[in-house]
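> Here you go, one structure.
The values are calculated or read from the model by the stated rules, or taken from the named source; none is laboratory data. Remember, predicted model here, so these are calculated numbers, not experimental data. The accessibility values were calculated without ligands, DNA or RNA, using every heavy atom of the protein model including side chains. Shrake-Rupley method; radii C 1.70, N 1.55, O 1.52, S 1.80 Å.
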Amino acid sequence: MKKEAAQMCNLSESIEERGIQKGIQKESLRSIQKIMKNAHLSSEQAMDLLEIPERDRAQVSGTAQTASVNF
């Protein structure tokens, strides 16, 4: 019984962590889009301004250029 409870707890923590990461990515994308729109910068320049690491840029680069900002 304890083993199953520990597995459930680990699963819950994993799901929570993925949700947090997804929220962070969404907000980063939103920030990039706002900078692109308001400062008339490219997605690369916006990511430089936000100091987004190179390893994370591929995930948002294409999306930032094509997605619209919903305010």
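> Ignoring ligands, DNA and RNA, how do Glu51, Glu4 rank by accessible area with a 1.4 Å probe, largest first? Before the final figure, lay out each step's value.
On the way: Glu51 150, Glu4 100 Å².
Output order, biggest surface exposure first: Glu51, Glu4.
> Moving on to the next point. Which ³J(HN,Hα) values, rounded to whole Hz and listed in residue order, are derived for segment 23-38 from phi using the Karplus coefficients 6.51, -1.76 and 1.60 in 6.51 cos²θ - 1.76 cosθ + 1.60 with θ = phi - 60°, glycine and proline given as x?
Taking θ as phi minus 60°, the curve returns x, 5, 4, 4, 5, 4, 4, 4, 5, 4, 4, 5, 5, 4, 6, 7 Hz for segment 23-38.
> Could you state how much accessible area Ile15 has, in square angstrom rounded to the nearest 10, with a 1.4 Å probe and all protein chains kept in place?
Ile15 has an accessible surface of roughly 90 Å² with all protein chains in place.
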